[in-house]
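Heads up, the thing below is written out as structure tokens.
Any read-out appearing in this document is the output of simple, stated calculations on the displayed coordinates, not a laboratory observation. What you see is a predicted model, and the numbers here were worked out from it, not measured in a lab. Don't worry about glycine lacking a Cβ; one is built from the backbone with ideal geometry, like all the others, and counts go over all protein chains shown.
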Amino acid sequence: MSLVTFEQLSLSSEVQQALQTMGFSAPSPIQAQAIPFALEGRDLLGQAQTGTGKTAAFAIPTLENIDTTLPYVQALVLCPTRELALQVSEEFGKIGQYIPRLSVLAVYGGESIDRQIRGIKRGAQIIVGTPGRVIDHLKRGTLQIDQLRTIVLDEADEMLNMGFVDEIESILRFAPEDRQTLLFSATMPEAIMRLTKKYQRDPEIVKVIPQNLTANRIEQTYFPVREAYKAELLIRLIEVNDVKIGVIFCNTKQRVDELVATLQARGYMAEGLHGDLTQMTRTVVMNKFRQGIVNLLVATDVAARGIDVDDVEVVFNYDIPHDPEYYVHRIGRTGRAGKSGKAFSFVERYDVRNLKNIERYARAPIVKGEIPTVAEVQKRRQARFLLQCKEEMLKATQNDYQHLVDEMLGEGFTLEQITAALLKLQLGEQNQRDALQEALAQQNTQTRDSYDKGGRQGGKYGNRRDERRGGERGGSRDRFQQRERSGGSTRTRFSEEGMTKIQLSIGKEHNVSKADIVGAITGETGVRGHDIGLIRVYDEYTHVDVQSSHAQKVLQKMQHRRIKGNAVTLEIAQ
Ligand code: AMP
């Protein structure tokens, strides 16, 4: 926060009162720099990230320059996504809550255009919209911007990245020449500078570039991992860190869908957020996430732009972003509002260079993390379970299961016997599943997975002998290597060397044949026929041997699919 106060910025009493209600005690640096110039009607070129208070930096002066006695559009704010448009229009609404007759309207694709047309006709003075939908309205003649005083381009670099340059230029050409243009962008690439030169008049440049782009409050860790093992690593990290609110980033929509299916199948409250979902679904997902009904949000970069939740504990880079700026944006979802946060990045061999670029760009160290062992996960889970038990016992309410305990006591069992049996039933199944996952992971983890940050002689990854020697010194990689070398016994769980047995919940009783099963697996997952081994169709279920490297994919992609009209569930056969 700066030394300037909101009083010194000579704002209207309505805006001052709203800022007080919102708990903004002093302007943030970008606000202190931008507001005085913008109030004078000057053009602005603002460089600021999300989280710096940039929205209010343009919303406050824009609101001050609106004449609410006039029932037509005087300000237009362009945002890259619907989520951001909604968020920005809400911030306008909050800052303008005491301004009489103020009307702010968000317009974006995926929502009824008629409702938006009615809103514009009712005399909206500020429109916050996505470029595509704004162009639609302009072309239909349902939106006039010839009396515009201010146009704001928010997250301009992102709009350009999304390919909106033509739309933006058309909109700027529609707007009157004597308008004020406020352009905010996290980065200032060449394309932004071109836009500025062409459409801004002598803009005042205001910047807030933090010392390191990723706040110190965020603990940044990377984990060397192979694709086949990522889901397992994710689950272990969620468990040992007891993650209640997390955002997981994937690079594509398909990866988001796959991961959501995996997490849901493992019992996690996870939902996906990406550009292919309807606006309504996205709003529902975000609301569930805000209310804590969903605690893991799996998202692509573009869809996640508008995520505005202050309590995100961990951001996972399930896939490393191609662009270092994305990394900074992603991890900025945690460590907000003065809280601390964690960022965990999953690094495959080919990501190594990218990670180094990111580290350089973000000017913050990303340290190598220890992969939690199954034992650690179980210990954590048991501790949580014990805590829940104790909480339950301390509750004053009647326990509906007391009569079952009485029944067992009546049959002569002791309380110790009953408790131990229940614990085994509750925790044992999970532990067994962990052991199997561990075995699967070993098969998929090769000794050359490791990423040695310091670099070694003999190339980036060193040679195999070096790595083995490195392995003896300790650290998470070593544990995997040691287990891999002594892992013969666990392999007995697999039907053949390199194959994993998967159980499908359908069998002879469901009228399915081996051909149906092979057809469904090859068709749905892309796994080839020669990667599928022995198939045994039993009455109620089927066992299929699949190449271990494809097992996770089959588990994820086939889960809840239909084979001959039957919804099928899959698990690793015990
Ligand atoms: P933004 O960078 O616009 O996404 O803002 C980040 C968060 O900071 C939002 O939740 C704002 O409501 C909040 N915020 C903006 N300005 C201030 C301020 N001057 N004092 C306190 N909080 C603020």
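Give the distance, in whole Å, between the Cα centre of region 28-57 and the Cα centre of region 144-210. Each part's Cα centre sits 14 Å from the other's. Computed over all pairs of different Cα atoms, the Kirkwood value for the hydrodynamic radius of region 6-208 is 16.7 Å. Our note on the geometry: Cα centres of region 259-333 and region 406-427, 42 Å apart.
Simple spin-label estimate for Tyr361 and Met188 gives 1.8 nm between the two label positions (7 Å along the Cα-to-Cβ direction from each Cα).
Work out the P(r) tail for region 218-372: percent of alpha carbon pairs separated by more than 24 Å, whole number.
On the way: 3004 of 11935 pairs.
Across region 218-372, Cα pairs with separations above 24 Å total 25 percent.
Work through the residues other than Leu44 whose Cβ is under 13 Å from its Cβ and net out their charges, Lys, Arg +1 and Asp, Glu -1.
Values: positive: Arg42, Lys54, Arg179, Arg201, Lys207; negative: Glu40, Asp43, Asp154, Asp202, Glu204.
It works out to a net charge of 0.
Based on the mean of other beta carbon atoms within 10 Å per residue, what is the order of 286-294, 310-318, 176-184, 106-114, most packed first?
Listed from highest to lowest mean packing, they are 310-318, 176-184, 106-114, 286-294.
Distances longer than 23 Å among the Cα atoms of region 66-163: what percent of all pairs is that? Numbers along the way, then the final one.
Details: 848 of 4753 pairs.
Of all Cα-Cα distances in region 66-163, 18 percent exceed 23 Å.
Which FRET efficiency value, to the nearest 0.05, do you get for Lys207 and Glu571 by plugging their Cβ-Cβ distance into 1/(1 + (r/R0)^6) with R0 = 60 Å? Computed FRET efficiency for Lys207 and Glu571 comes out at 0.65. With a ≥ b ≥ c the root eigenvalues of the C-alpha gyration tensor of region 259-317, is it rounded (a/c under 1.5), prolate (a/b larger than b/c) or oblate? Rounded, because the longest to shortest axis ratio a/c is under 1.5.
Are there any trypsin sites (Lys or Arg not before Pro) in region 513-574 that are in a DSSP loop and have at most 15 other Cβ atoms within 10 Å? List them by number.
Working: sites: Lys514, Arg528, Arg536, Lys553, Lys557, Arg561, Arg562, Lys564; in loops: Arg528, Arg561, Lys564.
Here the sparse-neighbourhood loop sites are Arg528, Lys564.
Which order do the peptides 63-74, 380-391, 142-153 take when ranked by the mean count of other beta-carbon atoms within 10 Å per residue, highest first?
142-153, 63-74, 380-391
So how strong a dipole does region 57-120 carry about its Cα centre when Lys and Arg Cβ are +1 and Asp and Glu Cβ are -1, to the nearest 20 debye?
Numbers: 5 positive and 7 negative charges, 28 e Å.
Rounded to the nearest 20 debye, it is 140 debye.
Translational D (Stokes-Einstein, µm²/s) of region 499-572 at 20 °C and 1.002 mPa s when Rh comes from the Kirkwood sum over C-alpha pairs?
Roughly 183 µm²/s, to the nearest whole number.
The modelled label-to-label distance between Ser10 and Glu40, using points 7 Å beyond Cα along the C-beta direction, is 1.2 nm. Taking every pair of alpha-carbon atoms in region 495-535, give the share separated by more than 14 Å as a whole percent. Roughly 50 percent, once rounded to a whole number.
Using the Cβ atoms and a cut-off under 13 Å, what net charge is assigned to the surroundings of Phe6, where Lys and Arg are +1 and Asp and Glu are -1? Net charge around Phe6: -3. Using the Cβ-Cβ distance between Leu415 and Lys198 with R0 set to 56 Å, the FRET efficiency from 1/(1 + (r/R0)^6) comes to roughly 0.10. So, counting K/R as plus one and D/E as minus one, what does the shell of residues with Cβ under 11 Å around Glu91 add up to? Taking every other residue near Glu91 into account, the sum is -1. Loop-resident trypsin sites (Lys or Arg not before Pro) (DSSP state other than H, G, I, E or B) in region 294-367 with no more than 15 further Cβ atoms inside 10 Å of their Cβ: Lys339, Arg363.
The packing ranking, built from the mean of other Cβ atoms within 10 Å per residue, places the peptides 515-522, 319-326 in the order 319-326, 515-522, highest first.
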